[in-house]
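Visitor: Structure incoming, see below.
The values are calculated or read from the model by the stated rules, or taken from the named source; none is laboratory data. A quick note: this is a predicted structure, and the numbers were derived from the prediction, not measured. No Cβ is skipped: glycine too gets one built from the backbone with ideal geometry, and neighbour counts run over all protein chains shown. Calculation scope for accessible area: heavy atoms of the full protein, side chains included, ligands and nucleic acids excluded. Shrake-Rupley method; radii C 1.70, N 1.55, O 1.52, S 1.80 Å.
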Amino acid sequence: MIYLDANATTPLDPAVLEAMLPFLRENQANPSSSYSTGRQARRAVEAARDAVAALAGAEAREVVFTSCATESINTVHESVWHLWPEKPLLITTAAEHAAGLECARRWQRRGGSVHHLKTGQSGLIDLAELEAALKSAPAALVSVLWANNETGVIQPMREITALAHAHGALVHADAVQMIGKARLDAETDFLSLSGHKFHAPKGIGALVVNRHVRFEPLMLGGGQESGRRSGTENVPGIAGLGKAAELAMKPCGSELRDVFERGIRAQWPEVVIHGQNAPRLPTTSSICMPGIDAAGMLILLDQAGVACSAGSACHTAALHPSHVLEAMGYDAAHAGSTLRFSFSRLNTMEEAIRAVEIVLQAAQKLRLLAGADSSLVVCA
Ligand code: PLP
């Protein structure tokens with residue numbers, strides 16, 4: 001199987017597994033215990049905190065381990081909501097991950113106001129719209145998906161942060177897709193990440209909280225993580241996250257993605273590569289293949305040994321298309337012909353080259369099949 005779905009999850013790096021094994025096999029102590037194995041577990045947790053802090057350009061005391069980015073994102077929204085007097089304004093984008101979108105919905109349900117910034121066909125927000133929204137009412141939080149999980153488009157986080165801070169708003173970056181792929185070159189107040197998107201296991205994430213920002217924990221209990229996230233620490237997961245953070249210090253290059261895109265485009269010039277004129281992740285390729293049903297392609301590609309995902313919800317039998325492509329101004333037919341291929345540093349050039357052949361063959365086969373049975377092309 002050629003695995004090209006790294007934006008969904010990444011394979012565990014063998015070095016990460018090695019870092020975890022001692023805390024699954026020999027030492028299962030609670031890091032709050034005072035005996036030697038407990039102290040050893042504590043040292044592993046703190047070493048991992050140092051590694052995540054170095055990756056995020058933060059201080060170790062600003063790193064809070066969580067179970068995943070969804071928890072981190074929820075924690076930020078809840079903290080800001082509860083600490084802000086009156087019903088505050090949240091500024092976010094129309095192209096957030098579901099975790100951000102749902103937190104914004106809850107914000108609205110509680111009576112807060114939400115401004116969803118539009119993304120143009122480039123996938124980028126308009127900084128002038130952000131500035132106008134910041135001037136329209138006092139905003140508590142600007143929460144932005146730094147690199148989009150569907151298209152890979154990277155938002156100008158440094159400029160967003162400067163504008164938000166100039167208007168007294170806090171900034172949260174969903175940096176889940178940035179880690180190991182692009183430099184984190186902005187100093188936001190909150191930053192969310194998830195281990196399984198950069199070769200650590202599932203079930204471990206982190207929230208980086210600027211030390212000067214007031215913070216209200218979501219999880220109350222035993223006071224772990226300096227009272228900011230109670231619950232006995234997931235020591236193997238944290239040790240793995242630390243190792244993965246060390247390995248992610250050197251971001252991936254775009255060689256495989258470029259070879260893949262060039263190969264497809266050379267044979268099929270009509271394809272549309274989303275966000276290609278914007279800064280985007282070096283590993284994500286969101287491609288609309290005109291006339292092709294993404295759901296059918298997924299099945300054929302799976303059979304031919306390529307794992308990728310649809311850029312639209314068509315494949316899940318949901319009737320609505322990708323909200324990300326919709327926000328970029330594309331219609332349902334376009335979204336229904338879109339596939340996302342996402343590489344990681346564990347892919348090889350041979351895989352990228354072979355994937356081009358397989359994708360082109362599958363598209364050809366789908367066209368022939370559609371000629372015989374048009375029900376396959378439902379979104380074209
Ligand atoms: N944010 C982005 C951009 C994502 O891609 C994901 C996962 O798909 C998440 C947040 C949520 O991560 P998790 O499911 O690990 O909580």
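Visitor: Quick one: pull the percent of accessible area on the chain belonging to carbon and sulfur, 1.4 Å probe, ligands and nucleic acids left out.
Guide: Working: 8520 of 15790 Å².
Carbon with sulfur: 54 percent of the solvent-accessible area.
Visitor: Rounded to whole Å, give me the distance from the Cα center of region 205-234 to that of region 23-58.
Guide: That distance is 16 Å.
Visitor: Would you mind classifying the chain by shape? Square roots of the alpha carbon gyration tensor eigenvalues, ordered a ≥ b ≥ c; an a/c under 1.5 is rounded, otherwise it is prolate if a/b is larger than b/c and oblate if not.
Guide: Working: a/c = 2.15, a/b = 1.32, b/c = 1.63.
It is oblate, given that a/c is not under 1.5 and a/b is not larger than b/c.
Visitor: While we're on this one: State the extension gain, in nm to one decimal, for the chain segment bounded by L24 and V213, taking 0.36 nm per residue of separation less the distance between their alpha-carbons.
Guide: On the way: separation 189, 0.36 × 189 = 68.04 nm, distance 3.51 nm.
Computed gain between L24 and V213 is 64.5 nm.
Visitor: How far is it, in nm, from the label point at D302 to the one at D126 when both lie 7 Å from their Cα along the line to the Cβ?
Guide: Placing both labels 7 Å along Cα→Cβ, they lie 4.0 nm apart.
Visitor: Each label point is 7 Å from the Cα along the Cα-to-Cβ direction; what then is the distance between the points at R43 and D258, in nm?
Guide: 4.4 nm
Visitor: If you don't mind, another one. So what is the calculated 222 nm ellipticity per residue for the chain, using -39500 (n - 2.57) for each DSSP H run with n of 4 or more, over all residues, to the nearest 500 deg cm²/dmol?
Guide: Values: 12 runs with 145 residues, N = 380.
Per the formula, -12000 deg cm²/dmol.
Visitor: 5 Å is the cut-off here: which amide hydrogens, built 1.01 Å from N in the peptide plane, fall below it relative to T93, excluding neighbours closer than 5 in sequence?
Guide: Amide H neighbours of T93: L117, L145.
Visitor: Another question about this same structure. Can you tell me which of 83-90, 187-194 comes out highest on packing, and rank the rest after it, using the mean Cβ neighbours within 10 Å?
Guide: 187-194, 83-90
Visitor: In the chain, which helices (entire DSSP H runs) extend 20 Å or more along their own long axis, judged by Cα positions, while averaging at least 0.0 on the Kyte-Doolittle scale? Walk me through the numbers before you get to the answer.
Guide: Values: long enough: 36-56 (30 Å, -0.18); 69-83 (21 Å, -0.15); 349-372 (35 Å, 0.60).
Helices meeting the span and hydropathy rule in the chain are 349-372.
Visitor: Next up: Would you mind getting the accessible area per residue of region 104-232, heavy atoms of the protein chains only, 1.4 Å probe, in Å²?
Guide: Values: 5150 Å² over 129 residues.
That works out to 40 Å² for each residue.
Visitor: Mind ordering 145-156, 58-69 by average Cβ neighbours within 10 Å, highest first? Let's see the in-between values first.
Guide: Numbers: 145-156: 26.1, 58-69: 21.2.
Final packing ranking: 145-156, 58-69.
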